[in-house]
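These notes are about the structure you will find just below.
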Amino acid sequence: GSKTMSIAPTTEVPEGFTADPQQQAQQEEREAQKQMMLKQILSAEALERLGRCKLVRRERAEALEVKLIQMAMKGELRSQLTEAQLIQMLETHSQQSQPKVTIQRRRFNLDDDDDNDDDLM
């Protein structure tokens, strides 16, 4: 219980790993189910591309995986997605997430009183 917490603070435990083996087994089971569904949704090339994206931008790739599975469950996907279609979705997805970064940056600049914004113009 609390003794293991003091030895290994939760901040040092990598995301997706838990001290509870049962919880970890459930996590692995969900991941396996997700991978099975993605194999049905995506062509081999698209699946490989998504795997490479996951190495670079894990959060973005996982968000897209969830979206793909939701689309498949709603019956929005008529056939397997090709690599080209996946690339298009990744680009659309990244464009949607970029304004958030810009907004955060502006907020940060407003908080910094002695920041000179001339370089941004």
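The values are calculated or read from the model by the stated rules, or taken from the named source; none is laboratory data. What you see is a predicted model, and the numbers here were worked out from it, not measured in a lab. As a convention, Cβ positions derive from the backbone with ideal geometry for all residues, glycine included, and neighbour counts pool all protein chains shown. Ligands, DNA and RNA are stripped out before the accessible areas are found, and what is left, the full protein with its side chains, is counted by its heavy atoms. Shrake-Rupley method; radii C 1.70, N 1.55, O 1.52, S 1.80 Å.
For the reader, a short list of remarks on this structure follows.
- Residue in region 13-24 that is exposed (fewer than 10 other Cβ atoms within 10 Å of the Cβ), modelled with pLDDT under 95 and assigned to a helix (DSSP H, G or I) present: yes
- Consider region 55-89 and keep the residues that are among the small types (Gly, Ala, Ser) and part of a helix (DSSP H, G or I). The one that is nearest to Leu38 (Cα to Cα) is Ala72.
- Any hit, region 28-37, residues being assigned to a helix (DSSP H, G or I), modelled with pLDDT of 65 or more and in contact with a Ser or Thr (Cβ under 6 Å, 6 or more places away or on another chain): no
- Hey, Leu64 open to solvent by less than 50 Å² (accessible area, probe 1.4 Å) and at pLDDT below 95 or not: yes
- Selection count where residues are touching a helix residue (DSSP H, G or I) at 6+ places or on another chain (Cβ under 8 Å) and of a type in the set (Ser, Thr, Tyr), scope region 58-95: 2
- Answer residue from region 36-58, given it is under 16 Å from Thr92 (Cβ atoms) and under 10 Å from the mean Cα position of the chain (by Cα) and is surrounded by the fewest Cβ atoms within 10 Å (Cβ to Cβ) among those: Arg57
- Flag if Ala46 is at pLDDT 65 or above and in contact with a Leu (Cβ under 9 Å, 6 or more places away or on another chain): yes
- Residues in region 72-94 that are among the aliphatic types (A, V, I, L, M) and farther than 20 Å from Arg57 by Cβ: Ala72, Met73, Leu77.
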